[in-house]
1. Return yes when Glu17 is more than 22 Å from Thr118 (Cα to Cα), acidic (Asp, Glu) and open to solvent by 70 Å² or more (accessible area, probe 1.4 Å) and no when it is not.
2. Taking only pairs six or more apart or across chains, which ones have beta-carbon atoms under 6 Å, a first residue in region 1-18 that is under 17 Å from Arg72 (Cβ atoms), and a second residue that is open to solvent by 50 Å² or more (accessible area, probe 1.4 Å) and in a helix (DSSP H, G or I)?
3. Taking Ser23 and the conditions (1) over 21 Å from Ser112 (Cα atoms); (2) in contact with a helix residue (DSSP H, G or I) (Cβ under 9 Å, 6 or more places away or on another chain); (3) among the polar types (S, T, N, Q), which numbered condition does it fall short on, given that it satisfies the others?
4. Pairs please, first residue from region 81-96 and at negative phi, second anywhere and assigned to a loop (DSSP other than H, G, I, E, B) and open to solvent by less than 50 Å² (accessible area, probe 1.4 Å), Cβ atoms under 8 Å, 6+ apart in sequence or on different chains.
5. Can you find a residue in region 102-117 that is of a type in the set (S, T, N, Q), farther than 20 Å from Ile16 by Cα, out of contact with any helix residue (DSSP H, G or I) (no Cβ under 9 Å at 6 or more places or on another chain) and open to solvent by less than 90 Å² (accessible area, probe 1.4 Å)?
Amino acid sequence: MPEKKIKHLEMIEAIIERMAKNSFQLKGWSMTLIALVGAISSQGSDKRFILLAFIPILGFWALDSFYLQQERKYKQLYKNVAEKDEPQIDFNLDTSKATGTTEEMKRLCICSCFFSITELCFYPIIAAALIILVIVLKVF
């Protein structure tokens, strides 16, 4: 494989790796928040503060979906660059110029990312844990 193409693909791989790490960290922060809310609520503080935990959870979900979208865009760009010939390599990292099939491009939509399997298997479970805390602790 030509040298320029390898370097360009390595640049894209590094970006994809950073997006995946960011997504992982957000999930960790969400779990930490739930543990913190559970610990604080068990110590007899005002139980209504549990409801405030929903705001950052929704924010983490939206931000995680954004990182997933960026990761998917760079994966599509990687695929495009891998198909190029050496003279076409321009080290452009603009994901808006990524091309693909209609199905591939639909996956790049933020709504598709927000309701992806990885997001739906995690954030609604976190929200359910908060709801259970509210019910068990009889906030209202």
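The values are calculated or read from the model by the stated rules, or taken from the named source; none is laboratory data. As the structure is a prediction and not an experimental result, all values here were calculated from the model. FYI the Cβ positions are ideal-geometry reconstructions off the backbone, even for glycines, and counts take in every protein chain you see. The accessibility values were calculated without ligands, DNA or RNA, using every heavy atom of the protein model including side chains. Shrake-Rupley method; radii C 1.70, N 1.55, O 1.52, S 1.80 Å.
1. It is false that Glu17 is more than 22 Å from Thr118 (Cα to Cα), acidic (Asp, Glu) and open to solvent by 70 Å² or more (accessible area, probe 1.4 Å).
2. From region 1-18, the pairs are Ile12/Tyr78.
3. So Ser23 meets the others, but not (1).
4. Val81/Ile89
5. no
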